[in-house]
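Q: A single structure is presented below for examination.
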Amino acid sequence: MDERGNCSPIQQICDHDEEVFSIENGHAQEIPYLFPLVREGEESCTCDCKQSLNKNEEKIAKYSVESLPRRRLASLDVFRGLTIAAMILVDDAGGSWPSINHSPWHGVTFADFVMPFFLFIVGMSLVLSFKNINDKFDAFEKASLRALKLFALGVFLQGGYFHGSNDLSFGVDMKHLRIMGILQRISIAYFLVSCCEIFAKRSQISRREFPCFKVDAIKLITMYPWHWVFGLAVSSVYLGLLFGLIVPDWYFETDISKNLISNMGSNVRTVKINCDMRGDLGPACNAVGYLDRIILGINHLYRNPVYRRTQECSINSPDYGPPPPNAPAWCFAPFDPEGVLSSFMASVSCLIGAHYGHALLHFKNDKRRLYEWVAFGMFLNALGLFIKWLGMPLNKPLYTISYVCVTGGTAGLLFSALYTVVDVLKYRKPFILLEWMGMNALLIFVLAAVEVFPALVRGFYWSSPQKNL
């Protein structure tokens, strides 16, 4: 910078250690150092970056975007593969090791980090996908179509059509079709944050257009103000409904004799749950379940919720088991862990990933990126624990704000570690399997996590279904 505060041409393009990512067709590609291509004494620009590029800079920008091979962000693929592997481990071994299975209600376990990690990864990925937007409405159309496809696939896989690997029958009564699920939650979060990324940017800031634009942690936030407004608005509405909505008494039908594991015949009864309260965070009378019963209908909720593993509902707690003789009626009630209100709150986890993606794009070098990522991750963990101390527990089924902060901060710290090892230190080969899994995560989820592949294999048997491969 000279005495008048103008950036030199070298500073305008990049510092010598700068590493810039451009995006084409959803892939991050690294632009090499452009330092040797700039001539000293070329046209300068003020540090508020109001002056346009000169001809040399235009040629450099064109070279940077068009002539370089695409390169995926390997650490993000590894993180995605690690998360899908953790999901398969939890689904297959959670019954044998209840300590790694989902927490029955309050608290977090190993399994409870899987969903926020997926949402964090989705947030980072969509930032790379929508880095350069030529037509906002075309981008919105593509994002909407992707979200609809993902939602429909989720209903098909988890709506009840498949009965698991131990049951070779299929089909679902539409009166009891489960509407929400894992992919449905991801599709909602993806759509909402994509809309922020497409429409709510204050400006499409690009290093190619503003090479001397200097970014710090505060500017990174102010460059995307509506993202933070959206996150605060969603959190405020969530808190208002969670603690302000009065949950009335409600009813559901259940086969009591079946739930009590009795030899009696079917005995369907209508059970009343006494609530008439607000601000309750227990399984029976919370606002999250109440809104799901209103919006989705009680017959379209998940019928085997995790709170059936609580001490009140299972003699084998924290694992599933027969209910104790004095089990409360709500132990047999349906509840969807991926409900409507909690899924809207889950979009904040996706926003956290988007913030990390913005830091990847705008900060100049690995050291600066890692500093921002680690600092923000530690801040989120501290904030989540402080909110827990104030009285809001960590709870995945309700998707509380304390849970969002702790899991989002942990995701940021873990990604920072993977980025350091895989992309900075270049130790990529030990993670090649996880990277492959991350590049094919949806296929693996369909075949393994939803047990489609085991069901297909067990469909070939000798004499009886028990004699299968």
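Q: Among the listed pairs Lys367/Lys429; Lys364/Lys396; Lys131/Lys429; Lys272/Lys396, which are separated by more than 32 Å between their Cα atoms?
A: Violating the 32 Å limit, Cα to Cα: Lys364/Lys396.
Q: How much FRET efficiency would the formula 1/(1 + (r/R0)^6) give for Asn299 and Arg428, where r is the Cβ-Cβ distance and R0 is 41 Å, rounded to 0.05?
A: Computed FRET efficiency for Asn299 and Arg428: 0.25.
Q: Obtain the nm distance between the two label points defined at Ile315 and Ala200 by a simple spin-label model: each point lies 7 Å from its Cα along the Cα-to-C-beta direction.
A: Label at Ile315, label at Ala200, 5.1 nm between them.
Q: Next question. Per-residue HN-Hα couplings for the stretch 370-387, Karplus 6.51 cos²θ - 1.76 cosθ + 1.60 at θ = phi - 60°, whole Hz, x for Gly and Pro?
A: 5, 4, 5, 5, 5, 4, 5, x, 5, 4, 5, 4, 5, 5, x, 5, 5, 5
Q: Could you work out Rg/(2.2 N^0.38 Å) for the stretch 277-423, with Rg from alpha carbons only?
A: After normalising by residue count via 2.2 N^0.38 Å, the value is 1.30.
Q: Further, regarding this structure: Please work out the FRET efficiency for the pair Phe170 and Leu89, using the Cβ-Cβ distance as r and a Förster radius of 30 Å; give the result to the nearest 0.05.
A: So the FRET efficiency works out to roughly 0.70.
Q: Can I ask one more? Could you check how much of the accessible area of the stretch 95-159 is carbon and sulfur, as a whole percent, using a 1.4 Å probe?
A: Looking at the stretch 95-159 in its full context, I get 65 percent from C and S.
Q: Determine the gain in length on full extension of the stretch Phe110-Phe379; use 0.36 nm per residue of separation and subtract their C-alpha separation, reporting nm with one decimal.
A: Length difference between fully extended and current span is 94.8 nm.
Q: Tell me the trypsin sites (Lys or Arg not before Pro) within the stretch 372-429 that lie in a loop according to DSSP and have at most 16 other beta-carbon atoms within 10 Å.
A: Passing sites in the stretch 372-429 are Lys426, Arg428.
Q: Along Cα→Cβ, 7 Å out, is where each label goes; now give me the distance between the ones at Asn468 and Asp249 in nm to one decimal.
A: Rounded to a tenth, the inter-label distance reads 4.6 nm.
The values are calculated or read from the model by the stated rules, or taken from the named source; none is laboratory data. As the structure is a prediction and not an experimental result, all values here were calculated from the model. Cβ coordinates were reconstructed from backbone atoms using ideal geometry, including for glycine residues, and neighbour counts include every protein chain displayed. Accessible surface is based on the protein model in full, side chains and every heavy atom, while ligands, DNA and RNA are left aside. Shrake-Rupley method; radii C 1.70, N 1.55, O 1.52, S 1.80 Å.
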